[in-house]
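The values are calculated or read from the model by the stated rules, or taken from the named source; none is laboratory data. Just so it is clear, the model here is predicted, and its values are computed rather than measured. Heads up, the Cβs are rebuilt from the backbone with ideal geometry, glycines too, and the neighbour counts pull from every protein chain shown. Areas reflect the complete protein model, heavy atoms only, side chains present, ligands, DNA and RNA absent. Shrake-Rupley method; radii C 1.70, N 1.55, O 1.52, S 1.80 Å.
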Amino acid sequence: MTSPLSLRPGAVLAEGVDAGVAAHYGDPFREQRRLTEDVGVVDRSNRGVIAVPGADRLAWLHSLTSQHLSALPAGHGTEALVLSPHGHVEHHLLVGDDGGTTWLDVEPGTIGDLLGYLQKMVFFMRVEPADVSADWAVLSVIGPKTGEALAQLGVALPAEPYRLASLPDGGLVRRMPWPGEVAADLLVPRDALEATVDRLGAPLAGTWAYEALRVADRRPRLGFETDHRTIVQEPEWIPTAVHLEKGCYRGQETVARVHNLGRPPRRLVLLHLDGVSEELPAQGTPITAGRDGRAVGFVGTAVRHHELGHIALGLVKRSTPDDADLWIGETKAAVDPALETA
């Protein structure tokens, strides 16, 4: 579905999985600076939203995901993964529980497969997972003045990451530890999307700005920094989305084995690109050791950052040295050792 916010003046539509929302509103670099220095609102209403009411919801989700959810207090959130039987990452979930319903928001285009899996696993549990994307939408408020913007809605910014607050007119606020130093995700009624943005009083920013901050923060995104072989240690989803001391769940054996051995086959790195070409490498482009050398990984998300220039996240073989002569096609790349995964 196309967001009404993408029809506002200056909007340029995003493509690919983010189609339906705005890539930017005329000046993506200015939008990035606003998200780091002031405050802006990013339309992420293309994300899927699943509501899981029912008395058994937390114990049930606990048994199906990588996260410890059985004792999640009301008013708290977290991140979680659904893994394949072999421990490969299939779904990434952002979670919030309001005391009566657990809310999951997920990557665009993934809700059908995820909901199908969840519904198959209900059995005799008192849960009713449902796709409510047509009724609920996600917004992200980002920047040092996020608290001031939320005050316009009559709600205070939660003090801790992943804590929730209720919006007076319905919906939730979940403080996020990324992107940037201050951020919050809002779950709002879809028919109140435009009114909520107007009440926040903060300018709109597009997905280009959001993705630039995400890449700079070295935060992986499902389907961009992952492939069909990705295990949780590679993009470093521990500890944000994986609890290493919880009970059995699908894929746990692989998580435990790699954790105990301490050697995942690949690692997530932040790459600085030489910027000679104005064209950014596409997701999935091979990263090679040497211009015509062997492939050592692939590009996830490449962006133009307002301070760092052309940067990208890549998943490379763990044996690849930090000072390796890396190339992405005709573009030279260098690992940022300050931000790489240990």
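Some observations on this one:
- Whichever residue in the range 76-89 is out of contact with any Asp or Glu (no Cβ under 7 Å at 6 or more places or on another chain) and surrounded by fewer than 20 Cβ atoms within 10 Å (Cβ to Cβ) and, among such residues, is farthest from Val52 (Cα to Cα): His86
- Of all residues making up the range 245-274, the number that are in contact with a strand residue (DSSP E or B) (Cβ under 9 Å, 6 or more places away or on another chain), not aromatic (Phe, Trp, Tyr) and not in a helix (DSSP H, G or I): 13
- Taking the range 92-106 as the range and being open to solvent by 20 Å² or more (accessible area, probe 1.4 Å) and either part of a helix (DSSP H, G or I) or not aromatic (Phe, Trp, Tyr) (or both) as the test, the residues that pass are Asp98, Gly99, Gly100, Thr101.
- Residue count, the range 107-125 (criterion: closer than 30 Å to Arg257 by Cβ and assigned to a loop (DSSP other than H, G, I, E, B)): 6
- Here Pro220 does not fit the description of being assigned to a loop (DSSP other than H, G, I, E, B), of a type outside the set (Val, Ile, Thr), crowded, with 22+ Cβ neighbours inside 10 Å and without any contact (Cβ under 8 Å) to a residue 60 or more places away in the chain.
- Here Ser277 fulfils each of the conditions (1) assigned to a loop (DSSP other than H, G, I, E, B); (2) open to solvent by less than 20 Å² (accessible area, probe 1.4 Å); (3) of a type outside the set (Phe, Trp, Tyr) apart from (2).
- For Ala156, the criteria (1) over 15 Å from the mean Cα position of the chain (by Cα); (2) surrounded by 15 or more Cβ atoms within 10 Å (Cβ to Cβ); (3) among the small types (Gly, Ala, Ser) hold in every case but one, which is (2).
- Near pairs, Cβ below 8 angstrom, 6+ apart or cross-chain, from the range 313-334 (over 21 Å from Gln233 (Cβ atoms)) to any residue that is hydroxyl-bearing (Ser, Thr, Tyr): Leu326/Thr288; Leu326/Thr320; Trp327/Thr288; Ile328/Thr285; Ile328/Thr288; Gly329/Thr285; Glu330/Ser277; Thr331/Ser277
- Some residue of the range 139-147 being over 17 Å from the mean Cα position of the chain (by Cα), at negative phi, aliphatic (A, V, I, L, M) and not in a loop (DSSP other than H, G, I, E, B): no
- Within the range 298-318, the residues that satisfy the criterion of being open to solvent by less than 20 Å² (accessible area, probe 1.4 Å) and within 23 Å of Arg263 (Cα to Cα) are Val299, Gly300, Leu313, Gly314, Leu315, Val316.
- In the range 196-207, of all residues being in contact with a strand residue (DSSP E or B) (Cβ under 9 Å, 6 or more places away or on another chain) and more than 17 Å from Asp38 (Cβ to Cβ), the one that is surrounded by the fewest Cβ atoms within 10 Å (Cβ to Cβ) corresponds to Thr196.
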